[in-house]
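Trainee: One structure, as structure tokens, below. Some questions next.
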Amino acid sequence: MKKAGKRVIPAFGISMGVTLAMVSLIVIIPLASLVIFTSHMSFSEIWETITRERVLASFKVSFITAFIASLINMVMGIILAWVLVRYDFPLKRIIDGLIELPFAMPTAVAGIALTSLTSDKGLVGKFFANFGIKIAYTRIGITVALVFIGIPFVVRAVQPVLEKLDPSYEEASKVMGASGGKIFRSVILPEILPPAITGFGLAFGRCLGEYGSVVFIAGNKPFETEITPLIIMSELQEYDYSSATAIALVMLVTAFLILFIVNLIQARNTRILGR
């Protein structure tokens, strides 16, 4: 007979110690050092740094393009997940694997490829140039790059929920005379919306900090297409570590808030499903 309170997992103390040590080394200590380094500056110095006109312009570019790209990813991610789960077609497994290509591909390679494709002489860029639409070296190009690197987050968040969704509810709604659109809005959407929002939050956080795939296609024009990570890199190259850490702290706080909201949504969804 087992003793009350005995843990099922062996060596819990050792495994927990290793876990805390890894989390501290990889996450907590580097982030804490950023906060500590910034604390050497006064509040007025930090405020003066992060409210410089060029820095504010970079915040605007990063947040607007990341938000738009994440919205596109949420819509397209739901569609892609739906197609991959509900339909069988040739090369389905290959396409499913390609969804994760942005995770594996070096961001610099993605940036160079997208820039070549969307420049005025590229295959896609030349087509849109005929209509007076410029993609590369504009905010549109930045958004395209962010859509590329953010789409897997939404697809992989929604796909498992669709796979586990009981089709009997849809069949019952169809028997009762509900249209396809009504079934999707009333039965399917409430189930996939929480993971879609989670994917949106994760994609938004990733897009805000993306550098490698964006720096090539952005053109890096101050006040127009200059992103915040590039500002941070510029400050580091000029050995202005205080300014770089102050700007990075804003991005860190923003990322923390995004992840906090995502966790709240996940916790709420878990409670609802557990009822």
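The values are calculated or read from the model by the stated rules, or taken from the named source; none is laboratory data. Just so we're clear, the structure is a prediction, and the values are computed from it rather than from any experiment. Methodologically, a virtual Cβ is constructed for each residue, glycine included, from the backbone with ideal geometry; neighbour enumeration extends over all protein chains shown.
Trainee: May I ask you to list pairs of residues, at least six apart or on different chains, whose Cβ atoms are under 6 Å apart, with the first in segment 116-140 being among the hydrophobic types (A, V, I, L, M, F, W, C) and the second being assigned to a loop (DSSP other than H, G, I, E, B)?
Mentor: Here the result reads PHE128/ILE135; ALA129/ASP120; ALA136/SER119, each pair linking segment 116-140 to a residue that is assigned to a loop (DSSP other than H, G, I, E, B).
Trainee: From (1) of a type in the set (Asp, Glu); (2) in contact with a Leu (Cβ under 8 Å, 6 or more places away or on another chain); (3) more than 19 Å from ALA81 (Cα to Cα), pick out the condition that doesn't hold for ASP240.
Mentor: (2)
Trainee: Which residue is farthest from ILE197 (Cα to Cα), if the candidates are limited to segment 243-275 and must be at pLDDT 85 or above and more than 20 Å from the chain's Cα centre (by Cα)?
Mentor: SER243
Trainee: Which condition does ILE133 not pass, out of (1) assigned to a helix (DSSP H, G or I); (2) closer than 28 Å to SER116 by Cα; (3) not hydroxyl-bearing (Ser, Thr, Tyr), if it passes all the others?
Mentor: Failing condition for ILE133: (1).
Trainee: While we're looking at this one, here's another question. Is there any pair linking a residue in segment 181-199 that is more than 15 Å from VAL75 (Cβ to Cβ) to one that is of a type in the set (Ser, Thr, Tyr), with Cβ under 8 Å and at least six apart or on different chains, and which?
Mentor: That search, which allows pairs on different chains as well, returns LYS182/SER173; ILE183/SER173; SER186/SER173; VAL187/TYR169; VAL187/SER173.
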